[in-house]
1. Can you name every residue in the range 23-49 that is part of a strand (DSSP E or B), touching a residue at least 40 places away in the same chain (Cβ under 8 Å) and either surrounded by fewer than 19 Cβ atoms within 10 Å (Cβ to Cβ) or within 11 Å of the chain's Cα centre (by Cα) (or both)?
2. Where in the range 109-196 are there strands (runs of 3 or more DSSP E), lying fully within it, with 2 or more residues that are within 30 Å of Ala77 (Cβ to Cβ), modelled with pLDDT of 90 or more and touching a strand residue (DSSP E or B) at 6+ places or on another chain (Cβ under 9 Å)?
3. Identify, by number, the condition in (1) modelled with pLDDT of 95 or more; (2) in contact with a Phe, Trp or Tyr (Cβ under 9 Å, 6 or more places away or on another chain); (3) closer than 19 Å to Ser174 by Cα that Ile235 doesn't meet.
4. Name the single residue that is surrounded by the fewest Cβ atoms within 10 Å (Cβ to Cβ) among those in the range 96-108 being in a loop (DSSP other than H, G, I, E, B) and touching a residue at least 40 places away in the same chain (Cβ under 8 Å).
5. Output the number of residues of the range 54-78 satisfying the condition of being surrounded by 15 or more Cβ atoms within 10 Å (Cβ to Cβ), assigned to a strand (DSSP E or B) and in contact (Cβ under 8 Å) with a residue 24 or more places away in the chain.
6. Taking the criterion of being more than 25 Å from Gly226 (Cα to Cα) and out of contact with any strand residue (DSSP E or B) (no Cβ under 9 Å at 6 or more places or on another chain), would at least one residue in the range 57-73 satisfy it?
Amino acid sequence: MLAQMPFYTDNADVTDRGTLHFEFFNEFDGLQSAQFPDLRQNTANFKFNYGLPHNLELDVDFPYLDIYRTSGSASSAGLGDTDLGVKWNFYKTSDPMSVPALSASLYIEFPTGDSSQDLGSGLTDYWLNAIAQEPFSDKSRIDANFGFLFAGNTSTGVLGVQTTRGHVYTGGLSFQHDFTPHLTLGAELYGAIADTSGLGKDQLQALSGGIYQLNNRMSVTFAVLGGSHIASPRIGGQIGFEVDFPLRRTHAAAQSAFNQLTSPSPQWRTP
């Protein structure tokens, strides 16, 4: 479950009220040798966020997966599991080195992917995530996440912790710096572990990437990543984009235009 592209660690911000935010990324990963006969996985992910009142955000996302296997083993392709979530930014901060901004998110992942082809987990997942964001300055910040998956697993295709019972703990730490008004670069460390020995696949990976803002509504993202545990990609690359559609402002503009069209016209007096 991806957070703030291109990072797996989420930030405390939520989508502006009345704005539809769309994200797409494509990640191509080389898998660990322990995943044999699975060799590579391509994840094309589509995500929609909508800003609600009271600093709430509604999220929906789903991946399209391609899993490439060794010769003699059939590859898989198709839709993966679908996520539905809500995020709440309940404390904001603007002063560096003060109390961090705080948020929480709850995700439910529905088993819409074909588990017989490893496209889905076959389970309904319930995942709660705590988020803290601390600004060091107006250009630098650090994000920290701690998550608890109390049912299901964190897998996307053949990546992620694939336990079938027990719980999974997730955590992430990322640092980002705005080098220019348009370019942000950062790095993160992200991991997950199951609380029942032998039932899960541990995950530990590092990522380095950035965001380039094309204008005030659209950005492109990029990253390289790799890990040393079986549930992490051995090496991978990611590229994507995100765009905002301010529906609330569009609605207000349409309402204003409607009012102008329907307002009484001035009465001209005849001589």
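The values are calculated or read from the model by the stated rules, or taken from the named source; none is laboratory data. As the structure is a computational prediction, the values presented were derived from the model and not from experiment. Heads up, the Cβs are rebuilt from the backbone with ideal geometry, glycines too, and the neighbour counts pull from every protein chain shown.
1. Here is the first cut: in the range 23-49, the residues part of a strand (DSSP E or B) are 23-30, 38-49.
Next, only the ones that are touching a residue at least 40 places away in the same chain (Cβ under 8 Å) stay: 23-30, 38, 41, 43, 45, 47.
Once the filter is applied, which keeps residues that are part of a strand (DSSP E or B), touching a residue at least 40 places away in the same chain (Cβ under 8 Å) and either surrounded by fewer than 19 Cβ atoms within 10 Å (Cβ to Cβ) or within 11 Å of the chain's Cα centre (by Cα) (or both), the range 23-49 yields Glu23, Phe24, Phe25, Asn26, Phe28, Gly30, Asn45, Lys47.
2. Values: elements: 125-135, 140-151, 168-178, 183-194.
So the answer is 125-135, 168-178, 183-194.
3. Among (1) modelled with pLDDT of 95 or more; (2) in contact with a Phe, Trp or Tyr (Cβ under 9 Å, 6 or more places away or on another chain); (3) closer than 19 Å to Ser174 by Cα, Ile235 violates only (2).
4. Going residue by residue through the range 96-108, those that are in a loop (DSSP other than H, G, I, E, B) are 96-100.
Going one step further and asking which of them are touching a residue at least 40 places away in the same chain (Cβ under 8 Å), we end up with 96, 100.
Numbers: Pro96: 13, Pro100: 18.
Ranking the candidates gives Pro96 first.
5. 14
6. Yes, there is a match, as at least one residue in the range 57-73 is more than 25 Å from Gly226 (Cα to Cα) and out of contact with any strand residue (DSSP E or B) (no Cβ under 9 Å at 6 or more places or on another chain).
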